[in-house]
1. Cut-off 10 angstrom, C-alpha nodes, Gaussian network model of the chain. Which of Pro113, Pro260, Pro82 fluctuates the most?
2. Residue-wise, which Karplus ³J(HN,Hα) couplings in Hz belong to region 98-104, taking 6.51 cos²θ - 1.76 cosθ + 1.60, θ = phi - 60°, and x for glycine or proline?
3. Could you tell me how many degrees, from 0 to 90 and to the nearest 10, lie between the Cα long axis of helix 389-399 and the main elongation axis, the longest principal axis, of the Cα atoms of the chain?
4. For region 1-65, what class follows from the C-alpha gyration tensor (a ≥ b ≥ c being the square roots of its eigenvalues): rounded when a/c is under 1.5, otherwise prolate if a/b is larger than b/c, else oblate?
5. How large is log10 of I(q)/I(0) for region 41-182 at q = 0.10, 0.13, 0.22 Å⁻¹ when the intensity is taken from the Debye formula with one equal scatterer per alpha-carbon?
6. Would you mind telling me the share, in percent, of accessible area of region 1-94 contributed by carbon and sulfur at probe 1.4 angstrom?
7. From the P(r) of the chain, can you give the percent of Cα pairs sitting at distances over 36 Å?
8. With +1 assigned to the C-beta of every Lys and Arg and -1 to the C-beta of every Asp and Glu, and no other charges, what is the dipole magnitude of the chain about the Cα centre in debye, to the nearest 20?
Amino acid sequence: MEKIVSFCKRKGFVFQSSEIYGGLGGFYDYGPLGSQMKKNIKDSYLNFMVNSRQNIVSLDSAIITNSKVWEASGHLKNFTDPLTECKSCHKRFRADHLMEKNNVNDLSLLKCPECGGELMDVRNFNLMLKTFIGPVEDASAVAYLRPETAQSIFINFKNVLDTQRIKIPFGIAQIGKAFRNEITPSNFIFRTREFEQMEMEFFIKPGEQEKWYKYWISESMRWYTEVLGIKKENLRVKEAAKEDLAHYAIACSDIEYNFPSIGWSEIEGIASRGDYDLSQHEKFSGQELKYFDEATKEKYVPYVIEPSVGVDRLMLALICDAYSEYEKGRSQDGDSMETVLKLNSKISPVKIAVLPLVKNKEVITSKAKEVFDLLSPYFISEYDETGTVGKRYRRQDEIGTPFCVTIDFETLEDNAVTIRNRDTMEQERVLISELKEYFNKNV
Ligand code: GAP
């Protein structure tokens with residue numbers, strides 16, 4: 001993981017937030033390549049989840065809501081983690097994580113992992129980040145930064161139903177920031193205090209929850225393996241034990257990724273939430289949040305299946321999965337390490353690198369710039385003329401660029417370029433007039 005963290009910083013994927021001021025625990029900034037990669041992940045999600053289905057629509061709601069939302073959802077009361085603190089060094093820890101790591105059920109058997117000091121009794125710590133609305137910072141002005149995007153979907157259930165021509169089963173998906181005052185943010189962008197979620201609430205007829213719960217687990221696995229190309233052996237589905245379920249869930253499965261250093265850990269939770277949320281919001285708002293089935297004349301509060309993925313965690317999984325090192329280069333006889341980021345081309349931050357074979361021949365560089373101008377409005381491209389072609393290929397391999405296009409002296413004769421594939425390193429000659437079509441098919 002250390003290697004991945006320094007790679008992400010060195011190449012401009014992820015930086016520590018507020019770095020010039022010493023950083024801020026649990027917050028990260030996404031650099032030029034990271035922000036582009038994140039956008040590609042979100043675009044892929046929207047394509048897979050919303051655009052290619054007739055019965056799923058999208059939403060983009062406010063981060064701050066009326067505080068009653070969190071009272072109704074149960075977050076104010078139940079969204080807590082067990083906190084303990086060392087009596088000597090005053091470091092704070094998640095009590096459940098400490099016990100799990102040491103394989104014990106009783107915290108009093110443990111000492112502080114930092115200094116060996118005695119640990120305080122456990123208290124429940126609410127994870128929601130607070131702020132105040134307006135000029136007076138009193139109790140009536142308290143508001144919360146949302147700890148999940150899901151609740152805004154539930155409170156917009158009626159708005160969506162009344163304005164869209166959709167029938168159950170249907171889903172509302174949303175991508176957006178969520179905030180949790182994690183006790184111990186850890187493992188780089190795996191557990192942070194500000195992160196992004198991609199959540200979908202799928203509203204169904206009560207009684208059909210088993211079928212749809214299984215369906216969405218298999219759809220998520222299909223997205224990871226067939227669309228994003230994550231290696232199957234690094235993914236698994238783990239059903240939660242009843243006693244570990246969140247306060248709203250009747251069943252939940254985690255999709256886990258086998259992260260280096262961290263081991264198997266959740267990237268997505270798929271929960272069967274019953275009618276808990278809509279019923280709670282009916283109770284607290286006094287508004288009816290039921291569905292009327294025209295065909296059967298039945299009226300009911302729908303049940304919900306919720307697939308919920310973290311963008312940041314998924315991005316970390318994708319980078320870990322794609323990161324490959326070759327001690328002596330891919331040819332095995334080189335004298336330096338070669339790194340290749342074998343990202344799916346849909347996710348790669350840069351799709352095409354345009355490389356003039358030489359940089360001191362105007363005819364070549366101006367032709368290369370023409371090719372860059374032709375491709376860059378359609379595909380994120382880079383123009384690079386510095387160093388040998390071999391070095392430039394390696395630079396692009398390292399950041400996961402799937403294709404390099406080289407312009408050479410022959411190009412001036414035949415109006416064709418050489419396309420080099422990142423993974424196979426094979427090269428093919430393609431006419432400049434056919435490049436757009438070629439990349440439309442391949443990235
Ligand atoms: N609405 C359900 C919900 O929020 P969750 O399991 O708490 O469920 C869903 O969160 C996903 O959000 C997780 O699988 C993870 O990918 C991401 N996530 C949760 N907490 C996170 C954190 N502190 N940092 C980064 N990602 C987080």
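1. Checking each option, the largest mean-square fluctuation is seen for Pro113.
2. Working through the residues one at a time gives 4, 5, 4, 5, 9, 6, 10 Hz.
3. It works out to around 10 degrees.
4. Judged from the Cα gyration tensor, region 1-65 comes out oblate (a/c at least 1.5, b/c at or above a/b).
5. -0.55, -0.79, -1.22
6. Heavy-atom surface of region 1-94 belonging to carbon and sulfur, 1.4 Å probe: 51 percent.
7. On the way: 38330 of 97903 pairs.
Value for the chain (Cα pairs over 36 Å): 39 percent.
8. So the magnitude is around 200 debye.
The values are calculated or read from the model by the stated rules, or taken from the named source; none is laboratory data. Bear in mind that the values here come from a model prediction, so they are computed numbers and not experimental data. Glycine gets a Cβ as well: all are built from the backbone with ideal geometry, and neighbour counts include every protein chain shown. Accessible surface is based on the protein model in full, side chains and every heavy atom, while ligands, DNA and RNA are left aside. Shrake-Rupley method; radii C 1.70, N 1.55, O 1.52, S 1.80 Å.
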